[in-house]
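Working notes, beginning with the structure itself.
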Amino acid sequence: MKIIYTIISFLVLSIGVASAQYRAVGVLKNQNGETISDVNITLISGNNYTTSDRNGRFSITLNQPCDTLVATGVHVKRVEQSICSGDSVILIVETLNNHLDEVVVLGYSQTTQRYLVGSVTKISKEDIANQPLGNPLLALQGRVPGMTVSATNGLPGAAVSIQVRGQNAIKPDQHGRHHIDPPLFIVDGIPFSPQNQSINQYQSAISPRSSENVYGGISPFNSIDPQSIESIEVLKDAEATAIYGSRGGNGVVLITTKAGRMGKTQLDAKLDHGISRKGKTMPMMNTTQYLELRKEAYANDGIQPDLRPGLNTYAPDLLVFDPNVSQDWENYFLGNTAQNTQANVTLSGGNENTRFLLGSTFRRDTYIYPGNFADWKASFNSNLRHQSLDKRFSLNLSLLYSHNNNTSVGTTDIIGVYRRMPNYPDLLDDQGNLVWSYGGHDFITATVANPLSYLFHPYEMKTTMLNAGLNADYTLTEGLKGRVNIGYSTLGGNEWSAYTNKGSNPFNHLVRRTATFGTNDFFSWIVEPQLIFDRMISKGNLEVLLGTSFQWDNNRMTSIRTEGHLDDNLLKSITAAPISSATDRHSEYKFMAVFGRASYIWDRKLITNISFRRDGSSKFGPENRFGNFGSIGAGWIFIDQADQNQNRIINFGKLRGSWGVTGSDNTSSFQYISRWSPVPGAYQGQMGYAPQNLFNAELGWASTTKLEFGIDLGLLENRLYTTASWYRNRSDNQLINYTLPTQTGFGSVAMNWNALVLNSGWELSLDYRIYDYQKFRWSIGANISFPKNVLKRFDGIKTSSYATTYIVGKSLNLLLGYEYAGVNSVTGVFEYYNADGDKVPVPTSPSSGQLNDYKYLGSLDPKYYGGIQNQLRYKDLSLDIFVEFKSRMGANFLRHVYSGSVVGGASNVPAVLEDRWRNPGDDARFMKATTIDGSRNRTNQLFPRSSGAYGDATYMRVKFVNLVWRLPLMEEWKENISDATLSLGGYNLFTLTSYEGNDPETLGFYGVPPLRTFNIGLQVKF
Amino acid sequence: MKKYKNNIWTKFSIIGVLVSFMACEDFVNMDLTGGELSSELVFKDSVNAEAAVIGMYLNVNSGALASIFGGAATVFPGLAGDELFPSNASVEYLQFYENGILTDNSLNSAIWLLAYKQIYLVNACLEGLDQTVEISERKRNQLIGEILQIRATNYFYLTQLYGDVPLILSTDYRANYQLPRTAQEQVYQQIIEDLTSAQQYLVQIDQPTTRANYYSATALLAKVYLSLGLYAEAEKEANKVIMSGKFSLMEDVVEVFSAESKETIWAWEVNDQSNTGMQTFEGLVFVPTNTSVIPQFTLQDPILDLFVESDERYVHWIGENVINGVNYHYPRKYHVARTVSRRENYIISRLAEQYLIRAECRLRDGEFQLALVDLNTIRQRAGLEPYSATIDSDLLLDHILTERRRELFCEWGSRWFDLKRLGLLDETMQPYKEWWSASSGLFPVPKNELDYNPFLTQNPGY
């Protein structure tokens, strides 16, 4: 089922006719109030016929003063209506499931799939709301060709990283990791104020932000209720994104929320409940295996274990703890069942002039770890549409509000529970207090800290979001419309993180009760006046849009740290702390643009679109403030048999191409001047300043030139619709934080850099309605993308800061490291190939611009990715199955196991490390057990930077299965209840992969992989 | 037949949209708001310019232990040499003790980073003060004199730890980002130049000891000359400090590191912004919060063996925790981790060191008796018997050097630097640490610096 949606209901326009003939005009709409194009209008009395234009309008000459119209088309049900000369009518037709006439929302306009020239992927509400998700971005996984979507971990609220068509800019941070180029997010026409930045300031279990999880954080999109979304459109090529000019360079994601429908007032209630458990993880060693490993390590090292903390000889697990106890700590902490409950009520209705929708959702997710932690949110969405009786004025108001409350653990150590010794004693004593000593031995150091203490470090995040958009238009004169789009978007976060006395190690009194209070507020408003001109010229329809845009963004953060509360129960009070200190940060950004777009469709065959945009951003100095962007797109519909139902194989064919320049001002404000700010505190009563940046007065826009060709084909009576696209994005004027050695005083400086990065690739998608009968329907949707990223040119790379980071001709996301050569069967240690191809235990690290023994080990970019959806419907039962797949190389579990620790030290390791070298001659997978760490064991220490810590992370995951049963209603109920369904769903059901580690999506090992969820839901429509 | 008429709204709207096309350029003009100043404003007048200099004194707050002014010059040479052991500190500290510092050791990276951050601050202030109009000549001299010392101090410890280091004297990153390491002699030359200029700028100005002053420049210069073996020059500078009459040794060794100490030539008051009772970073790090905690850093035997039990310094400057029958000795020059009952500032240079410098220089200059007087001054204050005048000259040099170890243990890497300047590092450390190699005397240039500036070279052995 395809549901069509528009932003603006167009008015009936009369067209001046000079002759004295009988004439009538009208507009075709469907039951949702959306205009329908390409419907054939004929007269029962014969002769004249016409077709509705892309705004659904038509005008027809009648044979007699009153006549009967017949509307027909492949995508609509036949309708007849009587009409008299001079009338202006609205013809309501019922749309059939037809891909070509599906409305696609673009920036500042809309079109149908038929006339779409740009590369746009639409995800409709069924595919979003059916999944038991708290974050709408996760619903995009595997659905959008050219877009990668990854959850940073499986806990509720976690950030989701999104990238459209690859990385355009060289942008490693100080540790050589990439920051991804984010697309622009627009919600109901308003740029979403926080965009996709993480909104938290403090660490928590959801937001470890470790070296392994750079993008960790709390996602601002938790505030947008997936149930309130009508559709999400992802704009990719120049044609689609150039209207967003400077900010469209990395793609645009448009989120449109639901609106009311004409007709009887309808109440829709939905109740869902689900349970989640963590997915498959690797088993850890039991006590027997672990103690054997430990003893072996000490024997290999030739040292005796003792009880003096701080050194590798410290071994309470061997000397104090009970060797007969074997605990599965991972299961203890992460093996619980999380409960997810969601209730949604939507009320909608209206008439031709006014339509409304009110919706509200409550959702609560608990965590898989023990304790009373939860993420809950209440959200409210409303939409009001109105048009005046004379239909010249129309208005669309959308309001989204949500409140989110997340309680979790303010320590990231929780993921360290994997590593706690399996014979660690019971965590609680008989009175329920945390245990801090065993057998007379006190747990003084972190190595033996009671892991349950992690849970007594509470964290709370409260978020409030308001997104309000008003879109009003007024028909000034025939073919000319004035429109204004006004929006306000705000998101405020309130955080609290505390160390309780209960959770503190009693032997370390350095840690006192502390609590930190943070706020993080984003505000943004936008005003966009526009003029739209619309006229038939020759055999075509010309539409011209001119507009301006003014935007103001503001972000303010405060953080107050307090210390010394007298009681754990007072930790939420600032007043209760004798010691407190505060810091704040503030940033502001203004943006303006003049833009225009001209679109001409000739004879329903040739489509030409031109758009331009001139943008000004306060992020750049006066000389470089403005940038020009634009695009040209063209399409040729070479076959379109919509109106003649001839039985040919190809029913529709369109070739399309586009070229254009888009940009980016994705950098922080005021990098073009040297800034100083006050330093907290005072020196003997005097305030001080510190410089904030190295400045670059010449800083200006980044630009990306995009080229795309595509073909769209409709086959088998348009039941099979396929699209193939090829694209190439060239970024040679990048806006980067050029990494500098710190001898310059700072780690980086904002710069425009002309290294050339090419992103190119193929994207294929297919929609096939295999069977489409009354009782049985089966359809398949599938997409696949083959991206390629290459650093094509980088002048002077050998003497730049990137000499050992990038290689010209390889991907920006390349892996440089040592080539792993296996375990030496004589010495029992890892070996690597050096530059000469010899096996050595300690290769030479890169330095002074030379790679030395570092080698190119491959690209971490996905080779291909996509998704397959199956929809089956038989009578009252329907079944959806969605499978996501991705092929890439990624870090495996060994990267975590060997990062900063050794196998044989006082922490548990996965059971597969049983396959280690023990005696000379052993052909083992892993090196010998040892307790010697760091600099004295370089071989072990370098392993995470070798190819041995990476492997294939290709996976195919049954992301989602949903079975819906339409309940048979008793006759006496049918009066009140129009529809009732019961659904059973499963999410992340199983994964096919050869990946070694916990999960190929989140990668690594010591984390919470995506949860497996089972869900039951009831939906009733009144 | 209906036709829309052009009405007032039509004209208004068209004009409105067209006007907004024109009017927009000003919209994106934005001034710095939200608590930031442009550098033009910072160096416009003396109030703001002084705040920029004060920022340097506050800046150390960000670098507990990691920055040279935050205790790094004590802790890391102490670990790398024979003073400290990381009993209850992270594995990255252990790398210093084991002289196997990895190039990506984050502590090592922080020393380098924070030193160059502070050098940038000095350079920015020097460039800015040059442009400041609304400032008295006296104030300008005072501020320039202060910050030159801060730069010299950073370079002195940088070159002691790393050998050749890039000599950065401006804020222009385009000129600096590919600068290779500068020969140590040249770095020393700059240090001496900075300190002698600082002396000239500050000679007329009476500064508190909590700010860099004429005598702190002089005391540091004495130390620099001593490192270079320029004993006559060192003696001259040390003499200026001692003879100024502004400083006197505290009778009670407990009071030497208190905020009231008369012995202090230059000390930093720690910016305890959150008012937690913290006095100095070294106190916070070295002094355990109670007797059941293993100190993070414990003193090694070679230090403990130097003292007789009656030595006041042993009694008051060394603390001890006994846990599970193991004795953990820790440095306790700064007495408090956190308290409000005793005020302590972080002392950069103090008079006792100048006595010891002068003693050594006098002896090397052949002034045996005078050297002995200086040495005995320090000994007597510690409650020890003075050496008699009949002592052998060579032996006296050993005594002076040993006294330096006792008086200045765990104080700005004094022991480590003495071994270096005397060329005794390898022969002293070899027997003590079996893993010692000839390259252990220098820390590695941090990996990131090498990665981002291909013109930098690594020290041997890393």
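The values are calculated or read from the model by the stated rules, or taken from the named source; none is laboratory data. These numbers were taken from a predicted model, which means no experiment stands behind them. FYI the Cβ positions are ideal-geometry reconstructions off the backbone, even for glycines, and counts take in every protein chain you see.
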Residues of segment A:537-552 that turn out to be of a type outside the set (S, T, N, Q), in contact (Cβ under 8 Å) with a residue 60 or more places away in the chain and either touching an Asp or Glu at 6+ places or on another chain (Cβ under 7 Å) or more than 24 Å from residue A:186 (Cα to Cα) (or both), as a count: 5
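With B:210, B:182 as the choices, which residue is in contact with a strand residue (DSSP E or B) (Cβ under 8 Å, 6 or more places away or on another chain), more than 30 Å from residue A:799 (Cβ to Cβ) and either within 14 Å of another protein chain (Cβ to nearest Cβ) or not polar (S, T, N, Q) (or both)?
B:210
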Segments classed as helices (runs of 4 or more DSSP H), wholly inside segment B:34-84, with at least 3 members that are touching a Gly at 6+ places or on another chain (Cβ under 8 Å): B:46-59, B:72-80
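In segment B:438-462, how many residues are out of contact with any strand residue (DSSP E or B) (no Cβ under 7 Å at 6 or more places or on another chain), at the interface with chain A (Cβ under 10 Å from one of its Cβ atoms) and either farther than 11 Å from residue B:99 by Cα or not in a loop (DSSP other than H, G, I, E, B) (or both)?
11
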The listed residue being under 30 Å from residue A:908 (Cβ atoms), under 34 Å from the mean Cα position of the chain (by Cα) and not basic (Lys, Arg), out of A:362, A:333, A:321, A:356: A:333
Candidates A:522, A:533, filtered to the one that is within 12 Å of chain B (Cβ to nearest Cβ) and either among the aromatic types (Phe, Trp, Tyr) or touching a Pro at 6+ places or on another chain (Cβ under 8 Å) (or both): A:533
Residue selected from segment B:278-315 under the condition part of a helix (DSSP H, G or I) and among the aromatic types (Phe, Trp, Tyr), by the criterion farthest from the other protein chains (Cβ to nearest Cβ): B:314
Single residue of A:914, A:884 found to be of a type in the set (D, E, K, R) and closer than 29 Å to residue A:121 by Cβ: A:884
Which numbered condition residue A:495 fails, given (1) at pLDDT below 90; (2) among the acidic types (Asp, Glu); (3) within 29 Å of residue A:581 (Cα to Cα): (1)
Residue pairs meeting the criteria (Cβ under 8 Å; at least 6 apart or on separate chains; first within 12 Å of chain A (Cβ to nearest Cβ) and closer than 21 Å to residue A:695 by Cβ, in segment B:145-173; second assigned to a helix (DSSP H, G or I) and acidic (Asp, Glu)): B:170/B:127; B:171/B:127
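With B:397, B:384 as the choices, which residue is away from every other protein chain (no Cβ under 14 Å), within 26 Å of residue B:310 (Cβ to Cβ), not in a helix (DSSP H, G or I) and not polar (S, T, N, Q)?
Residue meeting the stated conditions: B:384.
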Residues being touching a Leu at 6+ places or on another chain (Cβ under 6 Å) and assigned to a loop (DSSP other than H, G, I, E, B) - total across segment A:915-954: 1
Matching residues in segment B:312-346 - criterion: being surrounded by 19 or more Cβ atoms within 10 Å (Cβ to Cβ) and within 19 Å of residue B:267 (Cα to Cα): B:317, B:331, B:332, B:333, B:334, B:335, B:336, B:337, B:344, B:345, B:346
One residue from A:996, A:1001 being surrounded by 21 or more Cβ atoms within 10 Å (Cβ to Cβ), among the acidic types (Asp, Glu) and within 26 Å of the chain's Cα centre (by Cα): A:1001
Conditions (1) within 14 Å of chain B (Cβ to nearest Cβ); (2) within 30 Å of residue A:367 (Cα to Cα); number of the one not met by residue A:956: (1)
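When you go through A:930, A:939 one by one, which is the residue that is surrounded by 17 or more Cβ atoms within 10 Å (Cβ to Cβ), in contact with an Asp or Glu (Cβ under 6 Å, 6 or more places away or on another chain) and either more than 30 Å from residue A:333 (Cα to Cα) or not basic (Lys, Arg) (or both)?
The conditions single out A:930.
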Residues located in segment A:710-729, provided they are in contact (Cβ under 8 Å) with a residue 40 or more places away in the chain and either under 21 Å from residue A:812 (Cβ atoms) or within 26 Å of the chain's Cα centre (by Cα) (or both): A:710, A:722, A:723, A:724, A:725, A:727, A:729
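Please count how many residues of segment A:568-600 are of a type outside the set (Gly, Ala, Ser), part of a loop (DSSP other than H, G, I, E, B) and in contact (Cβ under 8 Å) with a residue 12 or more places away in the chain.
4
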The lone exception for residue A:579 - which of (1) more than 9 Å from every other protein chain (Cβ to nearest Cβ); (2) more than 30 Å from the chain's Cα centre (by Cα); (3) surrounded by fewer than 18 Cβ atoms within 10 Å (Cβ to Cβ) it fails: (1)
Candidates A:45, A:52, filtered to the one that is of a type in the set (Gly, Ala, Ser), surrounded by 15 or more Cβ atoms within 10 Å (Cβ to Cβ) and touching a strand residue (DSSP E or B) at 6+ places or on another chain (Cβ under 7 Å): A:52
Looking only at segment B:66-116, and only at residues there that are β-branched (Val, Ile, Thr) and over 19 Å from residue B:449 (Cα atoms), the one that is nearest to the other protein chains (Cβ to nearest Cβ): B:91
Options A:740, A:707; residue that is surrounded by 20 or more Cβ atoms within 10 Å (Cβ to Cβ) and in contact (Cβ under 8 Å) with a residue 60 or more places away in the chain: A:740
Selection from segment B:295-311 of residues that are crowded, with 19+ Cβ neighbours inside 10 Å and touching a strand residue (DSSP E or B) at 6+ places or on another chain (Cβ under 6 Å): B:295, B:297, B:298, B:299
Failed condition for residue A:807, given (1) touching a Lys or Arg at 6+ places or on another chain (Cβ under 9 Å); (2) surrounded by fewer than 20 Cβ atoms within 10 Å (Cβ to Cβ): (1)
Test: residue in segment A:673-696 that is buried (at least 22 other Cβ atoms within 10 Å of the Cβ), assigned to a strand (DSSP E or B) and more than 11 Å from every other protein chain (Cβ to nearest Cβ): no
Residues within segment A:301-339 that are out of contact with any His (no Cβ under 9 Å at 6 or more places or on another chain) and not in a loop (DSSP other than H, G, I, E, B), tallied: 12
Out of A:677, A:618, A:631, sole residue that is polar (S, T, N, Q), touching a residue at least 24 places away in the same chain (Cβ under 8 Å) and under 21 Å from residue A:555 (Cβ atoms): A:618
